[in-house]
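Q: Handing you this structure, nothing more for now.
The values are calculated or read from the model by the stated rules, or taken from the named source; none is laboratory data. This one's a predicted model, so the numbers in the text were calculated from it and none came from an experiment. Don't worry about glycine lacking a Cβ; one is built from the backbone with ideal geometry, like all the others, and counts go over all protein chains shown. What goes into the accessible areas is simple: the full protein's heavy atoms, side chains included, and nothing from ligands, DNA or RNA. Shrake-Rupley method; radii C 1.70, N 1.55, O 1.52, S 1.80 Å.
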Amino acid sequence: MDTKKSALEKMSSQELEKYINPESKFVPQAVQFAHEILQSRGRTFSDQELAYIISKTADLNKKQEIIIHPNHTRASQIMYLCGVLGIVSIILNYEQFNSGIAISIAAATLAFIFGMGYLIGKGNEVVKYILIITFALGLFGIPSMLANLAFYPLLGIISIIQTLLQLWVIILLIRIPKNKVA
């Protein structure tokens with residue numbers, strides 16, 4: 001339930017007092033807004049009232065706080081690098097993109113790589129498992145990588161570098177410690 005502060009600001013101080021009453025059943029966000037509004041109107045709070053307000057709104061602050069581990073940032077940057085290498089390999093191999101399907105697949109692959117980088121950078125934990133699955137499926141492409149290495153050495157090297165970088169991303173994400181809930 002979304003509480004609008006502007007709606008509470010229109011209420012009288014007496015009406016807002018109901019929000020900070022320990023027996024009230026208002027959502028934490030409404031209690032926090034009522035406290036802020038009453039405080040701006042000059043209302044002082046007893047220690048008991050402050051303890052109640054803090055306990056009622058403590059979970060609200062925890063839910064809004066997202067901590068991004070440095071490995072998320074590093075892994076995200078590496079995924080972006082994989083995407084850039086993908087663009088380079090498309091440019092170097094442009095003659096093979098003579099059909100709409102090939103172009104669509106290349107665009108979808110790049111969107112997937114850059115999307116994964118974005119989600120990793122936001123601290124999304126589910127992405128780690130998606131990346132592991134897609135990496136495992138991508139291992140079936142090793143013969144194609146080796147063929148590229150034989151016939152198009154630069155493209156083969158780029159493919160191998162991308163694979164190693166994605167493996168590095170997986171390792172970084174796995175090494176992020178789990179948050180322990182108290």
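Q: Among the residues that make up the stretch 35-58, is at least one of them of a type in the set (Phe, Trp, Tyr) and open to solvent by 60 Å² or more (accessible area, probe 1.4 Å)?
A: There is no residue in the stretch 35-58 that is of a type in the set (Phe, Trp, Tyr) and open to solvent by 60 Å² or more (accessible area, probe 1.4 Å).
Q: Let me ask another. Restricted to the stretch 78-123, and to residues that are free of Cβ contacts under 8 Å to residues at least 24 places away in the same chain and buried (at least 17 other Cβ atoms within 10 Å of the Cβ), which residue is farthest from Ile160 (Cα to Cα)?
A: That would be Leu119.
Q: Could you figure out which of (1) more than 30 Å from Met116 (Cβ to Cβ); (2) modelled with pLDDT under 85 isn't true of Glu36?
A: Of (1) more than 30 Å from Met116 (Cβ to Cβ); (2) modelled with pLDDT under 85, only one is false for Glu36: (2).
Q: Only residues that are without any contact (Cβ under 8 Å) to a residue 40 or more places away in the chain, of a type outside the set (A, V, I, L, M) and either crowded, with 16+ Cβ neighbours inside 10 Å or within 17 Å of Ile133 (Cβ to Cβ) (or both): list them for the stretch 144-179, please.
A: Within the stretch 144-179, Asn148, Gly156, Thr163 qualify.
So that you can scan it fast, the table gives a plain yes or no per residue for (1) under 25 Å from the mean Cα position of the chain (by Cα); (2) more than 30 Å from Pro177 (Cβ to Cβ):
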{"site": "Leu8", "(1), (2)": "no, yes"}
{"site": "Val27", "(1), (2)": "no, yes"}
{"site": "Ile67", "(1), (2)": "yes, no"}
{"site": "Ser76", "(1), (2)": "yes, no"}
{"site": "Leu81", "(1), (2)": "yes, no"}
{"site": "Ile91", "(1), (2)": "no, yes"}
{"site": "Ala102", "(1), (2)": "no, yes"}
{"site": "Ala111", "(1), (2)": "yes, yes"}
{"site": "Gly115", "(1), (2)": "yes, no"}
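Q: Of all residues in the stretch 146-182, count the ones that are part of a helix (DSSP H, G or I) and under 24 Å from Ser76 (Cβ atoms).
A: Pass one, the stretch 146-182, residues part of a helix (DSSP H, G or I): 146-151, 153-174.
The next check asks that each one be under 24 Å from Ser76 (Cβ atoms); those that pass are 157-174.
Adding up the residues that qualify gives 18.
Q: Tell me which of these Leu139 doesn't satisfy, since it passes every other one: (1) closer than 19 Å to Leu167 by Cβ; (2) among the hydrophobic types (A, V, I, L, M, F, W, C); (3) in contact (Cβ under 8 Å) with a residue 60 or more places away in the chain.
A: (3)
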